[in-house]
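Structure record follows, encoded as structure tokens.
Please treat every number below as a calculation from the coordinates, not as lab data. Computed from a predicted model, the values in this text were never measured in an experiment. So basically every Cβ, Gly included, is an ideal-geometry build from the backbone, and we count neighbours across all protein chains shown.
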Amino acid sequence: MKNTTSLLCSFLLITTLTFAQNSSSQKVEPESTIKDSLSIAVSSEMLDEEVYWGIIEHSLKESTSPEDQEIYLVNEIEKLSPKEMIGFRLRTDKLLFDSYTSDLWCAAYIMDGGCSDDGFEYFRCWLISRGKDTFYKAKENPDSLIDLVKEERGIYEFEGFWYVAVNAFKNATDKELYSYIDYDAFVTNDENYPLLNFTWNVDEPQSMKKVCPQLYDKLWK
């Protein structure tokens with residue numbers, strides 16, 4: 001009987017030790033270790049445009065201020081793969097490139113009461129953040145932005161929008177997104193903006209009115 005009891009105790013002890021060793025070997029790696037082990041390739045591929053605009057549209061529905069929208073966008077972009085996060089930023093850069101026009105700069109100048117190079121960049125970030133329909137309507141006819149103008153002249157800029165993918169990428173990977181852009185293949189960025197032939201001059205107000213008559217009549221005083 002004593003021998004049987006001793007054998008049973010030995011079996012239970014060995015089983016407990018084996019379980020403890022297996023549990024130890026299966027413990028979850030720290031998040032920092034997981035981030036360090038990520039393999040991320042350099043990319044020039046933009047995020048699918050419909051996916052991109054879908055994220056923007058959802059952010060508009062789920063937020064009531066630019067600050068809320070920025071937080072929402074960062075959280076949503078973090079759910080994408082590293083390549084898709086890079087693609088979100090590249091799609092943004094492409095849209096900024098496509099909207100770098102004299103007429104849109106005129107609209108920005110009227111709406112903001114003046115507009116520097118950086119201000120125009122942030123204006124177009126704001127424009128993209130308003131969604132696909134608003135963006136393409138304004139690109140075709142900048143005066144259509146009259147529908148978004150409030151009674152008083154405001155500041156129609158959204159600098160933080162330019163960095164939502166960068167911040168999301170940093171949060172998710174602990175790496176810098178810019179290091180993973182293939183700049184040799186992706187050239188539609190701010191380094192390659194075309195020279196603009198301005199069709200308006202602030203010293204000739206009527207030239208501004210010709211480009212954006214409704215915005216001019218409402219805001220240029």
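I need the shape label for the stretch 99-164. Rule: rounded when a/c is under 1.5, else prolate if a/b > b/c, else oblate, with a, b, c from the alpha carbon gyration tensor. Show your work: numbers first, answer last.
Values: a/c = 1.23, a/b = 1.06, b/c = 1.16.
The shape class here is rounded.
Note on VAL51 and LEU148: their simple-model spin labels are 2.5 nm apart, each label 7 Å out from Cα toward Cβ. Taking 0.36 nm per residue of sequence separation and removing the Cα-Cα distance, the ASP184/SER102 pair yields an extension gain of 26.8 nm. In the frame of its principal axes, the stretch 36-77 has Cα extents of 36, 26, 11 Å, reported largest first. The Stokes-Einstein estimate for the stretch 57-195, based on a Kirkwood radius over Cα pairs and taken at 4 °C with 1.567 mPa s viscosity, is a diffusion coefficient of 83 µm²/s. Compared with the alpha-carbon gap, the fully stretched path from LYS132 to ASP203 is longer by 22.3 nm at 0.36 nm per residue.
Sorting the segments 109-122, 41-54 by their mean number of nearby beta carbons within 10 angstrom, highest to lowest, gives 109-122, 41-54.
Grouping the Cα pair distances of the stretch 129-173 into 10 Å bins from zero gives a pair-distance distribution of 22, 39, 26, 13, 1 percent in increasing distance order.
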